[in-house]
Amino acid sequence: GAVVSQHPSWVICKSGTSVKIECRSLDFQATTMFWYRQFPKQSLMLMATSNEGSKATYEQGVEKDKFLINHASLTLSTLTVTSAHPEDSSFYICSASSRRNSNQPQHFGDGTRLSIL
Amino acid sequence: EDKVVQSPLSLVVHEGDTVTLNCSYEVTNFRSLLWYKQEKKAPTFLFMLTSSGIEKKSGRLSSILDKKELFSILNITATQTGDSAIYLCASTLSTSGTYKYIFGTGTRLKVLA
């Protein structure tokens with residue numbers, strides 16, 4: 001089945017640091033990638049949708065300058081949390097789809113647990 | 001406002017029991033409904049439902065969609081401890097030439113030996 005790799009799986013860093021998370025589709029071309037945030041015992045909240053070669057579309061309430069998304073190739077998208085603070089601590093999960101329409105399910109990475117001290 | 005609501009929020013059963021998980025949705029431009037299972041890390045895909053009344057089945061799991069009443073159920077028969085997980089329901093909606101998922105809160109299932 002489709003495989004999505006997310007790296008790193010766990011990050012601990014000091015407040016004010018910028019952190020980059022990578023999401024790769026290993027065996028298919030991901031025209032669309034999605035970034036989610038999940039708080040403990042809560043569901044996945046969509047942060048942004050990125051289509052290869054174009055700017056990401058952010059959900060309401062998500063700061064574009066805080067969460068930088070790049071989707072420069074069909075197999076890689078990155079999320080950079082800039083000047084991270086403790087309130088940014090969370091579980092971040094990416095997913096990828098091979099189509100821009102909804103005919104194919106999204107496949108998820110294993111997530112990145114971000115802890116800001 | 002687009003929303004997906006799951007019930008119950010949590011459930012504890014014994015091995016061998018049958019469980020039914022519920023998902024109701026209110027979304028504009030509905031395209032499909034999906035079920036995922038999340039253990040410790042990534043949600044894994046279970047079912048995608050687009051048509052009403054057609055049951056999808058995989059082993060002990062089955063699911064069906066009712067587009068008139070706007071809900072779906074996920075059934076698990078003869079539950080095993082390995083079924084313990086969070087079950088997420090998501091509705092697909094079309095937006096600006098692309099699509100996105102709206103996830104429900106999830107149902108946390110615990111199966112006791």
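Could you tell me whether segment B:81-89 includes any residue that is closer than 30 Å to A:E52 by Cβ, of a type in the set (S, T, Y) and within 14 Å of chain A (Cβ to nearest Cβ)? No; the residues of segment B:81-89 include none that is closer than 30 Å to A:E52 by Cβ, of a type in the set (S, T, Y) and within 14 Å of chain A (Cβ to nearest Cβ). Filtering segment B:53-67 to residues that are open to solvent by 60 Å² or more (accessible area, probe 1.4 Å) and of a type outside the set (K, R) leaves B:I54, B:E55, B:S58, B:G59. Filter segment B:21-34 down to the residues that are surrounded by 14 or more Cβ atoms within 10 Å (Cβ to Cβ) and either under 17 Å from A:M45 (Cβ atoms) or not charged (D, E, K, R) (or both) and list them by number. Residues satisfying the conditions are B:L21, B:N22, B:C23, B:S24, B:Y25, B:V27, B:F30, B:S32, B:L33, B:L34. For segment A:17-37, the tally of residues that are within 13 Å of A:S95 (Cβ to Cβ), polar (S, T, N, Q) and either within 9 Å of chain B (Cβ to nearest Cβ) or not in a strand (DSSP E or B) (or both) stands at 2. Considering the conditions (1) modelled with pLDDT of 90 or more; (2) part of a loop (DSSP other than H, G, I, E, B), A:I12 is excluded by exactly one of them, (2). In this structure, does A:A30 turn out to be out of contact with any helix residue (DSSP H, G or I) (no Cβ under 7 Å at 6 or more places or on another chain), modelled with pLDDT of 90 or more and either of a type in the set (K, R) or surrounded by 16 or more Cβ atoms within 10 Å (Cβ to Cβ) (or both)? Considered against the rule, which asks whether it is out of contact with any helix residue (DSSP H, G or I) (no Cβ under 7 Å at 6 or more places or on another chain), modelled with pLDDT of 90 or more and either of a type in the set (K, R) or surrounded by 16 or more Cβ atoms within 10 Å (Cβ to Cβ) (or both), A:A30 comes out as no.
Do you know which of the residues in segment B:93-113 that are at pLDDT below 90 and of a type in the set (S, T, Y) is most open to solvent (accessible area, probe 1.4 Å)? Checking each candidate, the answer is B:S96. When the criteria are applied in full, A:E87 fails the requirement of being in a strand (DSSP E or B) and either touching a Pro at 6+ places or on another chain (Cβ under 6 Å) or more than 23 Å from B:G97 (Cα to Cα) (or both). Against the definition (modelled with pLDDT of 95 or more and hydroxyl-bearing (S, T, Y)), how does B:T28 come out, yes or no? Considered against the rule, which asks whether it is modelled with pLDDT of 95 or more and hydroxyl-bearing (S, T, Y), B:T28 comes out as no. Checked against the criteria, B:E69 does not count as part of a loop (DSSP other than H, G, I, E, B), of a type outside the set (F, W, Y) and closer than 20 Å to A:Q42 by Cα. Is segment A:54-68 home to any residue that is open to solvent by less than 40 Å² (accessible area, probe 1.4 Å), closer than 30 Å to B:F47 by Cα and touching a residue at least 24 places away in the same chain (Cβ under 8 Å)? Taking every residue of segment A:54-68 in turn, none turns out to be open to solvent by less than 40 Å² (accessible area, probe 1.4 Å), closer than 30 Å to B:F47 by Cα and touching a residue at least 24 places away in the same chain (Cβ under 8 Å). Looking across segment B:13-42, the residues that are more than 16 Å from B:S84 (Cβ to Cβ) and either out of contact with any strand residue (DSSP E or B) (no Cβ under 7 Å at 6 or more places or on another chain) or aliphatic (A, V, I, L, M) (or both) come down to B:V27, B:L33, B:L34, B:A42. Candidates A:L79, A:L44: the one that is open to solvent by less than 20 Å² (accessible area, probe 1.4 Å), within 24 Å of B:T92 (Cβ to Cβ) and in contact with a Cys (Cβ under 8 Å, 6 or more places away or on another chain) is A:L79.
The values are calculated or read from the model by the stated rules, or taken from the named source; none is laboratory data. Values in this document were obtained by computation on a predicted structure and should not be read as measured data. In this analysis, Cβ positions are derived from the backbone assuming ideal geometry, glycine residues included, and neighbour counts consider all displayed protein chains. Just so you know, the surface numbers come from the protein's heavy atoms only, side chains and all, with ligands and any DNA or RNA stripped out. Shrake-Rupley method; radii C 1.70, N 1.55, O 1.52, S 1.80 Å.
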